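K.L.:
Next up is a structure, given as structure tokens.
The numbers here are math on the coordinates, done by the rules we state, and not lab data. Quick caveat, the model's predicted, so the values are computed rather than measured. Note that each Cβ is placed from the backbone with ideal geometry, even for glycine, and that neighbours are counted across all protein chains shown.
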Amino acid sequence: MARKKSEVFVFGHVRQAEGHRFVPAGILGLTETEGANVQTHELASEFAYGTGYLGRKESFEIDPVSLAFGDRERIKGQMLFPVNGLGEFGGIRDAAPDAWGRRVIEAQLKAPANSLLEVQYLLHAGGDRVGALDVREQRTSPDSASASDMHSLQYVLQASEAIDNGAAVPANLEHFLGAGPSAGGARPKATVRDDDGALWLAKFPAKGDTFDVARAETCTLELARRCGLTVPEVRYLDLGGRPVMLIRRFDRYWVQAGEPWPEGAMHDTRPGDGRVEGRLPFVSGLTLVACSELESPDKAYADLGRAVRQYVHPDRVRANAEELFARMVLNIFVTNDDDHLRNHGFVRDPRLGSWVLSPLYDVVPRPVIASERRLHLGVGAMGKLATLDNALSHYAAFVPERPLALGIMRRVWGEVRQWKTCFEEHGAKGKLIDQLNLAFRDISEIASPALEAEIRKLAP
């Protein structure tokens, strides 16, 4: 099979005195097989930072694992390669389109499924891709296409439905797909801007949905917020009878040029009063654990816990590790078994100059009949088994003391046991609540009698 070598430019979005802009960060070399399908596709990567980029005090690491700065002088002019024999750099892979984005790009280019080289997917992912990177053919290439506005959401939805159904996108709708490739995951979605200019991810219904996934995810994230977890702003829309969930992009922030960094959660900042948009670098758990997609099912929450201790700023390690444990407990209670490593993320906080756990995303309950359930990632000593006893068996990977782990379980359970009330308050009707009833677990279903008694004894 023929192999093709491509070189493209990676750009980083940095803050400068006069505002924010993309600057060249380095050259990415990709060698990959042509004409191969997704199962046999081979990929090798190399990267060299630009000297000018390394000299910028505001620059950031493209990949904190394989492309860490360390001694900037030492890596000047050096060709760098992915760790662990991986074919691609995790930080750049996170800026590439995932399953849905690839389908959008193939529709735009009228190409068969999985027929493009990886470099083509990278180049066509759009200017609003996740994080603070862009990939361009030339150092002088213009900025990539940006998102549609909220008023065109109906047309974006129609174009997405055509792709989801395997149909050709009508010519009058093609230009509305500009922001589609920037979104990851397998379900239809697109990035849009509201009237103020803030960026949102719109998540559409998919062919074969058996319940209102948009309402279910909106309500579950609001439930997670009540559990004390970090959750972006979410909204629910009805577009002509089709449910749409909107979630604020947490990799964007707004600040006035030349002004100090904002306090509090950067993803909660808003446009207006002369503020300009900045971008937060993003990497997935897959990148920080330094493994391939195929290896994700063999990893555990404890691996993410180790990544937190290695890469998160020391001032945030304790809080982030506790929140990661709480997220695992929530996933056990709501049967969210789509908790793979791409659905855990980290953003780089410029105020700390380091990484922190991103807000929560992609949490959807899955109704199943089985009494014994498993998550995607390993939970504890009994593997993926979704029980609180199993989670507690590895508490030391997240918190220093067992009573603290029990307290987190008590806090999450205290809110989840009232999930129906929370869902009703956020617009869920009786039909959806009945459909989701098999997803939510009572504490007696996921805890031994002894552990349940311990948790119940704790003060609310």
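K.L.:
What helices does the chain hold that run 24 Å or longer along their axis, going by alpha-carbon atoms, with a Kyte-Doolittle average of 0.5 or more, using DSSP H for the helix calls? Don't skip to the end; give the middle numbers.
P.N.:
On the way: long enough: 317-334 (25 Å, 0.81).
Membrane-span-like by this rule: 317-334.
K.L.:
What ranking, highest mean first, results for peptides 396-407, 152-163 when packing means the other Cβ atoms within 10 Å averaged over each residue?
P.N.:
Numbers: 396-407: 16.2, 152-163: 20.2.
Ranking the peptides 396-407, 152-163 by packing returns 152-163, 396-407.
K.L.:
Please find the FRET efficiency linking A167 to D238, where r is the Cβ-Cβ separation and R0 is fixed at 25 Å, and quote it to the nearest 0.05.
P.N.:
Efficiency, rounded to the nearest 0.05: 0.60.
K.L.:
Which one of L67, V135, W200 is farthest out on the positive end of the charge dipole of the chain, using unit charges on Cβ (Lys, Arg +1; Asp, Glu -1) and the Cα centre as origin?
P.N.:
Positive-end residue among those listed: L67.
K.L.:
How would you rank 352-358, 301-307, highest first, on the average number of other Cβ atoms within 10 Å across their residues? Kindly include the intermediate steps, with their values, before the conclusion.
P.N.:
Values: 352-358: 19.6, 301-307: 21.9.
Per-residue mean Cβ counts within 10 Å order the peptides as 301-307, 352-358.
K.L.:
Which of T220, T387 comes first, and how do the rest follow, when ranked by fewest Cβ neighbours within 10 Å?
P.N.:
T387, T220
K.L.:
Could you put Y395, Y49 in order, starting from the residue whose Cβ has the fewest other Cβ atoms within 10 Å?
P.N.:
The fewest-first ordering by Cβ neighbours comes to Y395, Y49.
K.L.:
Between D434 and D143, how many nm apart are label points set 7 Å from Cα along the C-beta direction?
P.N.:
For the pair D434/D143, the computed spacing is 5.0 nm.
K.L.:
Between the range 411-460 and the range 334-384, how many Å separate their Cα centres?
P.N.:
18 Å
K.L.:
Let me ask you something else. What distance in nm separates the two pseudo spin-label positions at T33 and E372, each 7 Å out from Cα along the beta-carbon direction?
P.N.:
Taking the simple label geometry, T33 and E372 are separated by 3.8 nm.
K.L.:
Still on this structure, please answer the following. With charges only on Cβ, +1 for K and R and -1 for D and E, what is the dipole size of the chain about its Cα centre, in debye, rounded to 20?
P.N.:
Details: 56 positive and 62 negative charges, 86 e Å.
Dipole of the chain, to the nearest 20 debye: 420 debye.
K.L.:
Related question: May I ask for the distance between the Cα centers of the range 278-320 and the range 220-256, given as a whole number of Å?
P.N.:
22 Å
K.L.:
Looking at A162, Y49, A125, which one has the Cα that reaches farthest to the positive end of the dipole of the range 3-208 (charges on Cβ: Lys, Arg +1; Asp, Glu -1)?
P.N.:
It is Y49.
K.L.:
Okay, next question. Could you derive backbone 3J(HN,Hα) for the range 342-359 from the dihedral phi with the Karplus parameters 6.51, -1.76 and 1.60 (θ = phi - 60°), listing whole Hz in sequence and x where the residue is Gly or Pro?
P.N.:
Once rounded to whole Hz, the list reads 6, 8, 10, x, 9, 10, 8, 8, x, 6, 9, x, 7, 8, 9, 4, 6, x.
K.L.:
What does the charge add up to near R187, with Lys and Arg as +1, Asp and Glu as -1, over the other residues with Cβ less than 15 Å from its Cβ?
P.N.:
+1
K.L.:
Continuing with this model, one more query. If amide H atoms are built 1.01 Å from N in the plane of the peptide, which residues on other chains or at least 5 residues away come under 5 Å of the amide H of A257?
P.N.:
Here the answer is V276, since their amide H atoms fall under 5 Å of that of A257.
K.L.:
Starting from the amide H of H394, placed 1.01 Å from N in the peptide plane, find each other amide H under 5 Å away whose residue is 5 or more places distant or on another chain.
P.N.:
Long-range HN contacts for H394: A381.
K.L.:
Rounded if a/c is under 1.5, else prolate if a/b beats b/c, else oblate: with a ≥ b ≥ c from the C-alpha gyration tensor eigenvalues square-rooted, which is the range 409-460?
P.N.:
Oblate.
K.L.:
How do 199-209, 127-137 rank on mean C-beta neighbours within 10 Å, highest first?
P.N.:
The packing order, highest mean first, is 127-137, 199-209.
K.L.:
Kindly write out, for the range 437-442 in residue order, the coupling ³J(HN,Hα) from the Karplus curve 6.51 cos²θ - 1.76 cosθ + 1.60 (θ = phi - 60°), rounded to whole Hz, with x marking Gly and Pro.
P.N.:
My calculation for the range 437-442 gives 4, 6, 7, 7, 9, 6 Hz in order.
K.L.:
Counting helices only, and only those DSSP H runs with n ≥ 4, report the 222 nm mean residue ellipticity of the chain as the sum of -39,500 (n - 2.57) divided by its residues, in deg cm²/dmol to the nearest 500.
P.N.:
Using -39500 (n - 2.57) per qualifying helix, the result is -8000 deg cm²/dmol.
K.L.:
Based on the Cβ-Cβ distance of T421 and N114, what FRET efficiency does E = 1/(1 + (r/R0)^6) give at R0 = 45 Å, to the nearest 0.05?
P.N.:
It comes to 0.50.
K.L.:
Report the charge-dipole magnitude of the range 281-457 in Debye, nearest 20, computed about the Cα centre from +1 at each Lys and Arg Cβ and -1 at each Asp and Glu Cβ.
P.N.:
280 debye
K.L.:
Cross-link partners among lysines for K420, C-alpha distance below 20 Å, same-chain residues fewer than 8 apart left out?
P.N.:
The qualifying lysines are K429, K431.
K.L.:
When only C-alpha pairs under 8 Å and at least 6 residues apart count, what is the relative contact order of the chain, in percent?
P.N.:
12 percent
K.L.:
I would also like to ask the following. In Å, what is the Rg of the alpha-carbon atoms in the range 3-208, and how long is Dmax?
P.N.:
For the range 3-208, the Cα-based Rg and Dmax read 17.7, 54 Å.
K.L.:
Still on this structure: How much length is gained on full extension from R21 to D268, taking 0.36 nm per residue of separation minus their Cα-Cα distance?
P.N.:
86.8 nm is the gain from fully extending R21 to D268.
K.L.:
Sum up the charges of everything whose Cβ sits under 11 Å from the Cβ of E61, counting Lys and Arg as +1 and Asp and Glu as -1, but leave E61 out. Please list the in-between numbers first.
P.N.:
Working: positive: R72, R348; negative: D63.
That works out to +1.
K.L.:
With each label point set 7 Å from Cα along the Cα-Cβ vector, what nm distance links S444 and L54?
P.N.:
Each label point lies 7 Å from its Cα, and together they span 6.4 nm.
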